[in-house]
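Single-structure report; data block below.
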Amino acid sequence: MHTILYDGSFEGLFTAIFEVFEYRYQNVEIASKERFYQENIFAEIHEVITQADKSDRVLKKLEQNIGKQGIYKLLKVFLSEDPELEKVILSAVRQSIKNPEENILENYADADIMKISKICKSVDRESHRMTAFVRFEKMQDDIFFSKIDPDFNVLPLIRKHFSDRYQDQKWMIYDLRRNYGILYDLETSDFFYPDEKLDIRNYQESFHEEEKNYQTLWQRYFTKTNIIERKNLKLHVQHVPKRYWKYLTEKW
């Protein structure tokens, strides 16, 4: 049994997969160094150093077999942070190499491929809800700030949506759980990684005066237009699950 450790990056994972084939490992598991816990004391540990050329070679071969959309699905699995993400991605790569003429990601009779499909649906759903429920708040420095806490690491998937939609204002989206975010400065949208977790306990104190007035008006409007007799909480929760209410001004 061999255990291959990588640095937790997408590029690092595909470097590890390259070395699975390079060293002809059969009975193998791939694990992120951050999440690795050695249960099998007899396993031989092999640490990989992330190398772009090795990762690119695997991805180029995959693109020939499963296309760019197939690679995009594997990216979603990686961003899902599922405990078995390395296992199912390695399984998909092995099947793709073995059956290059087939679209192996449509072989739902295979348990790993079925799991990939289910993960992608869940990640897609979370990505869509983030684009629907994210709320920006104007700060004193004129940057529109939004905090999120998604179940999956969807920031890389929603970056283009917000970059295309909000091109005329500076904005920032910060993932509370993963301590990183996206900052758009009217020209480019780049990821940022604070050394320490941002303290946002009293961030409302930095609201722009316009933001305070807007939130007050919006809450009043929501209260006035809400018809108590037609309230259907069950239907409302179906469309807007409670775990997203924390993003909505009208729910505060």
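The values are calculated or read from the model by the stated rules, or taken from the named source; none is laboratory data. Remember, predicted model here, so these are calculated numbers, not experimental data. Cβ atoms come from the backbone with ideal geometry, glycine included; neighbour counts cover every protein chain shown. These area figures cover heavy atoms from the full protein model, side chains too; ligands, DNA and RNA do not enter into them. Shrake-Rupley method; radii C 1.70, N 1.55, O 1.52, S 1.80 Å.
Taking θ as phi - 60° and the Karplus parameters 6.51, -1.76 and 1.60, the scalar couplings of region 180-188 work out to 7, x, 10, 10, 10, 10, 5, 10, 9 Hz in sequence order, x denoting glycine and proline.
3J(HN,Hα) couplings calculated from phi for region 145-155 with the Karplus curve 6.51 cos²θ - 1.76 cosθ + 1.60 (θ = phi - 60°) are, in sequence order, 10, 9, 10, 9, 9, x, 5, 10, 7, 9, 3 Hz; Gly and Pro show x.
Top to bottom by accessible area (1.4 Å), largest first, where do LYS73, LYS98 land?
Ranked list, largest accessible area first: LYS98, LYS73.
Report the far tail of the P(r) of region 79-158, meaning the percent of Cα-Cα pairs longer than 17 Å. The answer is 57 percent, as a whole percent. Legend: residues TYR72, TYR203, TYR166, sorted from most to least accessible area (1.4 Å probe; ligands, DNA and RNA excluded), read TYR72, TYR166, TYR203. Going by a ≥ b ≥ c, the root eigenvalues of the Cα gyration tensor, does region 129-198 fall in the rounded group (a/c under 1.5), the prolate group (a/b larger than b/c) or the oblate group? Rounded, because the longest to shortest axis ratio a/c is under 1.5. Counting heavy atoms of the protein chains alone, THR3 has an accessible area of about 0 Å² for a 1.4 Å probe.
Between LEU75 and GLN140, what's the calculated FRET efficiency when r is the beta-carbon distance and R0 is 45 Å? Round to 0.05. E between LEU75 and GLN140, to the nearest 0.05, is 0.80.
Computed from the C-beta positions of GLU210 and SER9 and an R0 of 51 Å, the FRET efficiency is 0.80 to the nearest 0.05.
Ranked from largest, the principal axis spans of the Cα set of region 86-213 equal 60, 28, 25 Å. Carbon-plus-sulfur accessible fraction, region 1-67 (probe radius 1.4 Å, protein heavy atoms only): 46%. Computed over protein heavy atoms with a 1.4 Å probe, the accessible surface of region 88-182 works out to 48 Å² per residue. Rolling a 1.4 Å probe over the protein chains gives LYS147 an accessible area of about 50 Å². Full extension of the segment from ASP168 to TYR180, taken as 0.36 nm per residue of separation minus the current Cα-Cα distance, would add 2.0 nm. Heavy-atom accessible surface of LEU5, to the nearest 10 Å², is about 10 Å², with a 1.4 Å probe and all protein chains retained. Largest first, the extents of the alpha carbon coordinates of region 1-126 on the three principal axes equal 36, 29, 26 Å.
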